[in-house]
Every structure is written in structure tokens, then in C-alpha cells.
Amino acid sequence: MITVETVASLRDQIARFRQEGKRIAFVPTMGNLHNGHVRLMQEARRHAPVVVASIYVNPLQFGKGEDFDSYPRTPSHDKVALLSAGVDVLFKPPESEIYPRGKTAQTFVEVPALSDDLCGAFRPGHFRGVTTVVNRLFNLVTPDVAVFGKKDYQQWQLVRLMTADLGLPVEIIGVDTVREPDGLAMSSRNDYLSPTERKVAARLYEALGTLRDRHRDKGMMLETVEENAIMELRADGFRPDYVSVRRQQDLQKPGPDDRNLVALVAAWLGLTRLIDNIEFEINI
Ligand code: PAF
């Protein structure tokens, strides 16, 4: 694996692959890699002979009082994960390479249709930071394919919309969430959970399964199943930001004819904010 830290050396490397006529698949990350990331890199490999991954903890997507400073930076551990996943190039830039004129002067990219809803309503500016850095990384890496985890469902949909709106020649692939044996979605932030919280955390995914069954199999109203999930999560010690059922294709509120749905949740457990979702179909 080749590690590059500057835009110039990344571009040299990409030009070499292009001269060889090779397609490039890209997996952007913020490091502290887990098996969910490895799965994204394996998926990337299915789409192209060259896999580029990036590790960059993007300050633009953290709000005031969020965990930018304490976000786990684990370079030696990450190297092992990247090697095991067969990544060809790691792009690991300092801030000056991503935001050369300073992060406050940076041109930004925003997807208004979806940026302020769901998680965006609780993390103002977060998705603007995500789409801004992903767009810049796409312009630097120039991938044919980019792979995102569906655990961050709203982020995946936003990146799809951004790519379509800006006419970027990148195919966006979404990969199913990788879970711990008890169902907890793998996430870099799971490391923040205390042992007691970790035991409770799997309840989040159970609550989504219960919500799905109540709506899909028992015909309960969406508003009722959302409210029940919120009450039950509170009883388990969570502080939910939202539980919401949306259409898979655009995350808008479903109408009576919509069949492909996704239930999304964000909830705090102690000082850790967890997100998860479950896709399901309504049979006629
Ligand atoms: O999902 C992440 O790790 C980040 O939001 C991303 C896509 C790497 C952008 O910083």
C-alpha cells in the first residue's frame, strides 16, 4: 500500500493508474477503522482494480461542542485494517491540503433538499461539511466508483443527490451495515460507550425491528409506532433525537402507496450519539 499525504503526490499516483487504463474505486473514511470499513473496501475492490481510501477527520462536519478533538485517531490500527482489506493507496492529508485557504474560507457544497432534516436538524452544518469534503475528495481522487455505508443512510442519500446535481461522473454504491453479534451497528463512536452502555446499545436496532413488525405485520399507524419506539427507548435509558419512517429513495415522508421504507433513529446513550436504520418493504 502506498500512502500519500499531498494533493500533488495523490495526483501523480492517480495519473499513473489512468495511464495504465485502470478504474479507481474510492472509500472515504475518518479512520478508527472497523470491520464495517473493511467491508466497504472489499466492496470497492469488486468494482475496480485500484482501491483508494482516505483518512481525514473533517473539521467542517463537527459542530461546536462536538467530538472533533476527541475523535479517535488510531493510525497503527488503521494501517493493519487497510492492509487486510487490500487497499492500494491511502490518502491521508493534513488540513492544509484539504482546505488550503483555511476551512472558513472554503467554498462549500450543500444539498438543501436533505441537509436540514433528520440528523441535519440536530447537527446544524454537519451535512454541509460532509458534502463539501466529499466533493473535494472526489475532485482530487477522481474515482469511477465510491462506496459508502448505509449505516449513515442520510449521508449516503445526500452524496447520491450531490453527485447527480453536480453531474459528477462517479457511481455511488451503498453497502449494508455490518453489525456486532448482538445487532449493534459497527461504528467508530461505539468505542465511547461504557461497558454498561454497550450492553444496552443493541436495544436501538431491536427497537427498529419492533417498529417495522408493528407497522408492516400488524398494520399499526406510522405515527404510533414512531412514538412507541421513542417511549421504549427512553425507558431503556436512551435520549432519542428522532425516530422516523421515510421512503428509501429520497427520505421524504411516505404516502399511502409507498412500499419501500426505511426507519431511522438517532439517540444518545450517555455522552454517545448513536444512529441506525432498517429498510423494509410493505407487501400489498
Ligand atoms: O462517514 C464518514 O466517515 C465521513 O462522514 C466521510 C464520508 C468520510 C466524510 O468526512
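Listed residues ASP176, ASP116; which is out of contact with any strand residue (DSSP E or B) (no Cβ under 9 Å at 6 or more places or on another chain) and more than 13 Å from the ligand (Cβ to nearest atom)?
Working: ASP176 fails: out of contact with any strand residue (DSSP E or B) (no Cβ under 9 Å at 6 or more places or on another chain).
Sole residue among the options that is out of contact with any strand residue (DSSP E or B) (no Cβ under 9 Å at 6 or more places or on another chain) and more than 13 Å from the ligand (Cβ to nearest atom): ASP116.
Please enumerate the residues belonging to region 106-134 that are among the β-branched types (Val, Ile, Thr), in contact with an Asp or Glu (Cβ under 9 Å, 6 or more places away or on another chain) and either assigned to a helix (DSSP H, G or I) or closer than 19 Å to ASP241 by Cβ (or both).
VAL130, THR131, THR132
Provide a single number: the residues in region 45-62 that are within 16 Å of the ligand (Cβ to nearest atom), in contact with a Gly (Cβ under 9 Å, 6 or more places away or on another chain) and not polar (S, T, N, Q).
Residues that pass the stated criteria total 7.
Hey, any hits in region 72-90 for a residue that's in contact (Cβ under 8 Å) with a residue 12 or more places away in the chain, of a type in the set (A, V, I, L, M, F, W, C) and in a strand (DSSP E or B)?
yes
If you go through region 31-50, how many residues are within 26 Å of TYR99 (Cα to Cα) and out of contact with any strand residue (DSSP E or B) (no Cβ under 7 Å at 6 or more places or on another chain)?
Total satisfying the criteria: 2.
Check TYR205 against each of (1) outside any helix (DSSP H, G or I); (2) away from the ligand (no atom under 16 Å from the Cβ) and name the one condition it does not meet.
In the conditions (1) outside any helix (DSSP H, G or I); (2) away from the ligand (no atom under 16 Å from the Cβ), TYR205 misses (1) alone.
Looking only at region 249-284, count every residue that is assigned to a loop (DSSP other than H, G, I, E, B), within 20 Å of MET221 (Cα to Cα) and open to solvent by 40 Å² or more (accessible area, probe 1.4 Å) and tell me the total. Explain how you work it out, then say what you get.
As a first pass, look at region 249-284 and keep what is assigned to a loop (DSSP other than H, G, I, E, B): 249-259, 270-271, 282-284.
Checking which are within 20 Å of MET221 (Cα to Cα) leaves us with 251-259, 282-284.
Next, from what is left, pick out any that are open to solvent by 40 Å² or more (accessible area, probe 1.4 Å): 252-253, 256-257, 259, 283-284.
So the count comes out to 7.
Residue-by-condition table, conditions (1) away from the ligand (no atom under 14 Å from the Cβ); (2) outside any strand (DSSP E or B); (3) open to solvent by 10 Å² or more (accessible area, probe 1.4 Å):
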site: ARG136; (1), (2), (3): no, yes, yes
site: LEU140; (1), (2), (3): no, yes, no
site: ALA146; (1), (2), (3): no, no, no
site: MET162; (1), (2), (3): no, yes, no
site: ASP213; (1), (2), (3): yes, yes, yes
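For GLY65, all conditions in the list (1) within 16 Å of the ligand (Cβ to nearest atom); (2) exposed (fewer than 13 other Cβ atoms within 10 Å of the Cβ) hold save one; what is the number of the exception?
Result: GLY65 fails condition (1) only.
The values are calculated or read from the model by the stated rules, or taken from the named source; none is laboratory data. What you see is a predicted model, and the numbers here were worked out from it, not measured in a lab. So basically every Cβ, Gly included, is an ideal-geometry build from the backbone, and we count neighbours across all protein chains shown. Ligands, DNA and RNA are excluded from the accessible area calculation, which covers all protein heavy atoms including side chains. Shrake-Rupley method; radii C 1.70, N 1.55, O 1.52, S 1.80 Å.
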